[in-house]
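Single-structure report; data block below.
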Amino acid sequence: MHGLRLIPAGINLSFIPKRLAFFSFSALLIVGSVALFLAKGLNYGIDFKGGIMLEIRTEQAADLATMRATLGDLGLGEVALQEFGQETDVLIRVQRQDGGEKAQQAAVSAIKEALGAGVEYRRTEFVGPKVSEELFIDGLMAVGLAILAILVYIWFRFEWQFGLGAVVALTHDVISTVGIFSLLGLEFNLSTVAAVLTIAGYSINDTVVVYDRVREDLRKFKKMPLPELLNRAINETLSRTVMTSLTTLLALGALFFLGGAVIRDFSFAMIWGVIIGTYSSICLAVPLLLYLKLERRCPGRRNGG
């Protein structure tokens, strides 16, 4: 018996010959993402801009329009309401108030008074400007250090050409994720940073699988032209790559549609990351090796290969 194969054995799709089209698409994606970030910016969550967050539960299905109007009349500045989970569960976000902790407490008291009885307050959080700035900087450092660590890992496992190709593809994934969040106005918070780091790990896993096959083929086919060899390596690992991506997307799809609003943005970031990470591993990381003067000798000497 044979296992399920989504990709036929012996397939030979032309990835390397189409590399300029892939490079052009990725360049447009990166330029567009950077332009969106500079022009529109990101919809930072309370984690990064400070403020008040309350999680409430009402006795009956929440009337968000009425709540929004009621809280809007309090003069607290930006107020965002979001239903999540059940119809009775609401997440309230209010911008940081001027005047320190007492001002934040006063805002919470005003909200509770305006909403009246019949409301259960399940969670109340305050994020100050200093903490939000530290969280933002720490988030940037986490992503930057992760990419640097991946570069070092790939460099020592393979060669510097492989490490550089992997980091270019990984940076492409991160920037495009920021771009899609800017385009759609999704909330960018600590959960999104966690998603970006997870995307980095997933993407590099895909890239390492293809790079391993490239290394094996370099040993086996010493006289095969490099473009043909790279295309062969991609096709040989294509079935595994597609199967892994699809099974991951099934789980993420369940989280996105059934997990509720609280993790919906996180799930969306992961879905986008799996798609763009699979694309970059195949269409960027490997074709880039053609331009990095990859030496035709037995790579992997550092790990005893």
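The values are calculated or read from the model by the stated rules, or taken from the named source; none is laboratory data. What you see is a predicted model; the values in this text were computed from it and never measured. Note: ideal-geometry Cβ built from the backbone for every residue, glycine included; neighbour counts use all protein chains shown.
A compact table of results
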item: Test: residue in region 131-149 that is within 15 Å of Asp212 (Cβ to Cβ) and assigned by TED's automatic domain parsing to the domain that holds Ser280; result: no
item: Leading residue by the ranking (modelled with the lowest pLDDT) among those in region 100-132 that are in a helix (DSSP H, G or I) and among the polar types (S, T, N, Q); result: Ser132
item: Pick from region 147-174, criterion more than 16 Å from Leu288 (Cβ to Cβ) and among the hydrophobic types (A, V, I, L, M, F, W, C), ranking: nearest to the chain's Cα centre (by Cα); result: Val174
item: Search result, residues across region 246-293 that are surrounded by fewer than 21 Cβ atoms within 10 Å (Cβ to Cβ) and among the hydroxyl-bearing types (Ser, Thr, Tyr); result: Thr247, Thr248, Tyr291
item: Subset of region 233-252 [polar (S, T, N, Q) and in contact (Cβ under 8 Å) with a residue 60 or more places away in the chain]; result: Asn235, Ser239
item: Test: residue in region 173-192 that is free of Cβ contacts under 8 Å to residues at least 40 places away in the same chain and surrounded by 14 or more Cβ atoms within 10 Å (Cβ to Cβ); result: yes
item: Qualifying positions in region 93-103 - in contact (Cβ under 8 Å) with a residue 40 or more places away in the chain and more than 13 Å from Gly50 (Cβ to Cβ); result: none
item: Meets criteria (aromatic (Phe, Trp, Tyr) and in contact with a Phe, Trp or Tyr (Cβ under 6 Å, 6 or more places away or on another chain)) for Phe22; result: no
item: Among (1) in contact with a Phe, Trp or Tyr (Cβ under 9 Å, 6 or more places away or on another chain); (2) at pLDDT 85 or above; (3) surrounded by fewer than 15 Cβ atoms within 10 Å (Cβ to Cβ) - the single one Arg302 does not satisfy; result: (2)
item: Test: residue in region 159-173 that is under 30 Å from Ile52 (Cβ atoms) and in a helix (DSSP H, G or I); result: no
item: Long-range neighbours under 6 Å by Cβ, at least six apart or interchain, first residue within 16 Å of Phe15 (Cβ to Cβ) within region 221-232, second hydrophobic (A, V, I, L, M, F, W, C); result: Pro227/Ile16; Leu229/Phe221; Leu230/Ile16; Leu230/Val286; Asn231/Phe15; Asn231/Ile16
item: Test set (1) surrounded by fewer than 17 Cβ atoms within 10 Å (Cβ to Cβ); (2) free of Cβ contacts under 8 Å to residues at least 12 places away in the same chain - Trp155 fails condition number; result: (1)
item: Residue selected from region 163-172 under the condition more than 17 Å from Ile275 (Cα to Cα) and small (Gly, Ala, Ser), by the criterion surrounded by the most Cβ atoms within 10 Å (Cβ to Cβ); result: Gly165
item: Val90, sole failed condition from (1) in a strand (DSSP E or B); (2) in contact with a Leu (Cβ under 7 Å, 6 or more places away or on another chain); (3) more than 12 Å from Arg122 (Cβ to Cβ); result: (3)
item: Selected residue [crowded, with 16+ Cβ neighbours inside 10 Å and under 30 Å from Gln104 (Cα atoms)] from Phe15, Phe22, Phe48; result: Phe48
item: Members of region 185-211 that are over 14 Å from the mean Cα position of the chain (by Cα) and over 17 Å from Leu284 (Cβ atoms); result: Gly185
item: Qualifying helices (runs of 4 or more DSSP H) (wholly inside region 1-80; at least 2 residues being at pLDDT 85 or above); result: 19-39, 64-72
